[in-house]
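What follows is a short report on a single structure.
The values are calculated or read from the model by the stated rules, or taken from the named source; none is laboratory data. Computed from a predicted model, the values in this text were never measured in an experiment. Cβ sites come from the backbone with ideal geometry, for glycine too, and all protein chains shown count toward neighbours. These area figures cover heavy atoms from the full protein model, side chains too; ligands, DNA and RNA do not enter into them. Shrake-Rupley method; radii C 1.70, N 1.55, O 1.52, S 1.80 Å.
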Amino acid sequence: MPISVHRETATFHLYNDQLSYIFAVREGYPFHLYFGARVPDEPHYDYLMREEWHPSSVGVSAEHENMSFEHYRSELPFSGVGDMRLPMLEVVTASGGRVLNLTYQSHEVVAGKPALPGLPATYVEADAEADTLVLTLADEVAGVRVRALYTVFAGRAALARSMQVINGGTEPLVVERALSGCFSFEDTDFDMIQLPGAWARERSVVRAPLHPGLQGVYSLRGHSGHHFNPFVALARPTATETQGEVYGFSLVYSGNHAMTVDVDPYHSARVLAGVNPETFTWPLDPSESFQTPEVVAVYSADGLGGMSRTFHSLYGRRLARGVWRDKPRPILINNWEATYFDFTEDKLVEVARAAADVGIELFVLDDGWFTNRDDDFGGLGDWELNAAKLPSGLAGLADRINALGMEFGLWIEPEMVNPGTRVWKEHPEWVLHAPGQPLRPCRHQYVLDLSNPAVVDYLYERLEQVISSANIAYIKWDMNRSFGDVFSQTADPADQGRVWHAFILGVYDLYDRLTKRFPQILFESCAGGGGRFDPGMLAYAPQAWTSDDTDAVERLKIQWGTSLAYPVSSMGSHVSAVPNHQVYRCTPLKMRADVAYFGTFGYELDATALTDEERAEVHGQVSFMKRWRGLIQFGEQYRLKSPFEGRGNECAWMVVAGDKGKALVAYYRVLQEVNVGRRCVRLAGLDSEARYELREQGVDPQVADLYGRPASGAELMRIGLELTDETMGQNTTGRGDFVSRLFTLERVE
Ligand code: DGJ
């Protein structure tokens, strides 16, 4: 994946087999030329950059009045030059102004991909996996230097961008806006796709044509949020799941973000992504620097599915880290919906024993194990064991769970504090709070100031003690409130603008230290369900609790939307009891499992309350998942039928092994329809030349053998998998509301 630099034309071409990204330096400024499907490596593409007169546009210089930042597409738009759109970089210089003039100074091509200090980022395991262009721009008058990083990956249709802003002068500067990347398009014939939501209905798919002006998503909540995931895609209006051009943009960041698409009156579109400037001001003394997070851009010529599979493989293999990255995830049972805060040690052990009997591998003790935590009004911050509830201590409980042949996992919520705790009393200055102003609660709790390194040190020491006190194999790291009144009581007035971002750097630091200290532990991130389901978290915790909504029907949409950017292996998905605790719906145990299989899989119910029949069914589900989880979590996912289309009554997806030898297909129908015609779903990703043994799970093989022979990959992909109800014969399990059908495919050699 070379980075080709044509010195004579100052043209830079980053490319691999699937994409090209081209820009050139003119009059000292880097201007974008092209991003899309691979094109030849020509010495220049200057015809894309013609000088044209436009009334009221500001020229780049007296000699080039017809060349304006407004009409040329700046690679790194900065403030004060008549660009007329939102910039990537805005700096208040020693003069008090914001006028910058950053010009090209030098470049360097390095093999591999440099790490971003203090920030999560995609990485390579060998230099041959990527090349990085480091472009240096400077403005000697303002004292600003910028190092812009562009990484192009080998074999992946993906680029990563970030930048470092350096005070290269002798006077203090204030950075007011430092975004991660800018992507320009010379037309606007796109739909913007985003993943909006709210608590318990995260990441729905919304698609709308671009319109003139500003559109996009952002967070001001202190975390990436349930509401607007740090992801947008631009899809050609004709692009579908399987074909057409799609560009995906995903910010590797967990705090306040802004991802905008700016459509100007000249029909060009600018995508910007980065830390939300609204809550960001970063003073820089001479020689100090600021590093932005990175934004990942994916190009797909194969529709949304192609875009997602590029994100899945990059994020699953080269963003997630640690021993669990490539390992099938343990099947767990979590006691939250089983007991909430109301448990005893013996009750937990009973639940665990019932779970162990059906083959579940990990018991997770959720919220409520520490002092003053019998409801959500108290307890967060001290992390002292509640000995009345757990007389054997965490170590004793873990031993009892281990004796059942299960691993033990624990819930924590490090970033929060409740009034009345020891830490609250001893360190009131550790709470984010502007003195004299109201202290505003959310879930009765307040936010610790992780922008203060002393707080991070305290949490590290406290949690290190807790985690090393017992045989803990898994940690669920929760975060249950959005922020309002952000003010650090220990920071200088001039540094208050840093606090939102510095808080997230503190979270990353704590994650980094704890995951390094406990490399064998599987971390799962969580934020009131999926309120911080973002690429930044995935770098530390390879899986995340997708949503507090565990209803199978709701989960179809949530998991479908999440899969636009995130791999199956990252999605925490559990079978819960009925009536469901969020929507009070009763769905069959089979459907609940058939949905939860497409994630990390587990249970969130009182296993002692299962009937004998249910216990046998759960045992079968656990055995099935153990056989198939390698494929499910590490195969390639193809979405087949969207719950966001039509009336949303049906959904189907599948995963296919890398060698196409095996696949698993799931079809879901919410409500039974009457007197409808033939129904089939076209499969994808199979070997069209191969034949597959097709088995429907839970259906008599004779009845299910609809083809009477192994089906060919070609017919399954071109004609489709027959799903008409009558194919069920006398079997009534596929009839009625809330039906799910699961098919395994194995290549016949
Ligand atoms: C929110 C999480 O999403 C739930 O799974 C549970 O852990 C609760 N917090 C506990 O307070």
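Things to note:
- Crossing angle, helix 393-403 versus the chain [Cα axis fit, 0-90 degrees, rounded to tens]: 60 degrees
- Between the stretch 548-608 and the stretch 215-271, the alpha-carbon centres lie 27 Å apart.
- With a 1.4 Å probe rolled over the protein heavy atoms of all chains, the accessible area of Cys442, Cys182 falls in the order Cys442, Cys182, largest first.
- Ser482 contributes about 30 Å² of solvent-accessible surface, heavy atoms of the protein only, 1.4 Å probe.
- The chain shape via C-alpha gyration tensor axes, a/c threshold 1.5: oblate
- Between helix 345-357 and the chain: long-axis angle, C-alpha atoms, 0 to 90°, nearest 10: 80 degrees
- Taken one residue at a time, the phi angles of the stretch 521-529 give Karplus couplings (6.51, -1.76, 1.60, θ = phi - 60°) of 7, 7, 9, 10, 8, 6, 8, x, x Hz. Gly and Pro are set to x.
- The stretch 63-156, accessible area per residue, ligands and nucleic acids excluded (1.4 Å, Å²): 38 Å²
- Dipole of the stretch 332-634, positive direction: furthest Cα of Gly497, Gly602, Gly381, with charges on the beta-carbon: Gly602
- Estimated vicinal HN-Hα couplings, Hz - the stretch 743-749 in sequence order (Karplus 6.51, -1.76, 1.60; Gly, Pro = x): 10, 9, 10, 10, 5, 8, 7
- Separation of alpha-carbon centers, the stretch 122-143 and the stretch 152-175, rounded to whole Å: 7 Å
- Taken about its Cα centre, the stretch 3-318 carries a charge dipole of about 1080 debye when Lys and Arg each add +1 at the Cβ and Asp and Glu each add -1 at the Cβ.
- DSSP-defined beta bridges in the stretch 332-634 - what % are antiparallel, rounded to 5: 15 percent
- Ranked by the mean number of other Cβ atoms within 10 Å per residue, highest first, peptides 338-344, 146-152 order as 146-152, 338-344.
- Other-chain or far-sequence residues with amide H under 5 Å of Asp534's (modelled H): none
- Under 10 Å, Cβ to Cβ, from Gly181 - net charge with Lys/Arg +1 and Asp/Glu -1: -1
- Sum of side-chain charges, Leu102 neighbourhood, beta-carbon under 12 Å (Lys, Arg +1; Asp, Glu -1): -3
- In this Cβ point-charge picture (+1 for Lys and Arg, -1 for Asp and Glu), the stretch 332-634 has a dipole of about 620 debye about its Cα centre.
- 3J(HN,Hα) along the stretch 460-471, derived from phi through the Karplus expression 6.51 cos²θ - 1.76 cosθ + 1.60 where θ = phi - 60°, amounts to 4, 5, 5, 6, 4, 5, 4, 5, 7, 7, 8, 7 Hz, with x in place of Gly and Pro.
- Relative contact order (percent, whole number), the stretch 3-318, Cα cutoff 8 Å, 6+ residue spacing: 16 percent
- Placing unit charges on the Cβ atoms only, positive for Lys and Arg and negative for Asp and Glu, gives the chain a dipole magnitude near 1240 debye about its Cα centre.
- Database remark: amide H of Leu640 closer than 5 angstrom to the amide H of Ala652, Trp653, Met654 (H placed geometrically; neighbours at sequence offset of 5 or more, or on other chains; Pro and chain starts carry no H).
- Carbon plus sulfur fraction of accessible area for the chain, probe 1.4 Å, in percent: 50 percent
- Taking amide H as placed 1.01 Å from N in the peptide plane, Asn229 has its amide H under 5 Å from the amide H of Leu195, each at least 5 places away in sequence or on another chain.
- Selected from Gly536, Leu362, Gly630, residue furthest toward positive end of dipole (the stretch 332-634; charges at beta carbon): Gly630
- Solvent-accessible area of His107, all protein chains in place: 40 Å² (probe radius 1.4 Å, heavy atoms, ligands and nucleic acids excluded).
- Mean Cβ count within 10 Å, highest first, over the residues of peptides 370-381, 42-53, 554-565: 554-565, 370-381, 42-53
- A simple packing score, the average count of other Cβ atoms within 10 Å per residue, orders the peptides 153-159, 55-61 as 153-159, 55-61, with the highest score first.
- Under 11 Å, Cβ to Cβ, from Gln194 - net charge with Lys/Arg +1 and Asp/Glu -1: +1
- DSSP beta bridges in the chain [antiparallel fraction, %, rounded to 5]: 85 percent
- Surface exposure of the stretch 332-634, expressed per residue as accessible area with a 1.4 Å probe, stands at 31 Å².
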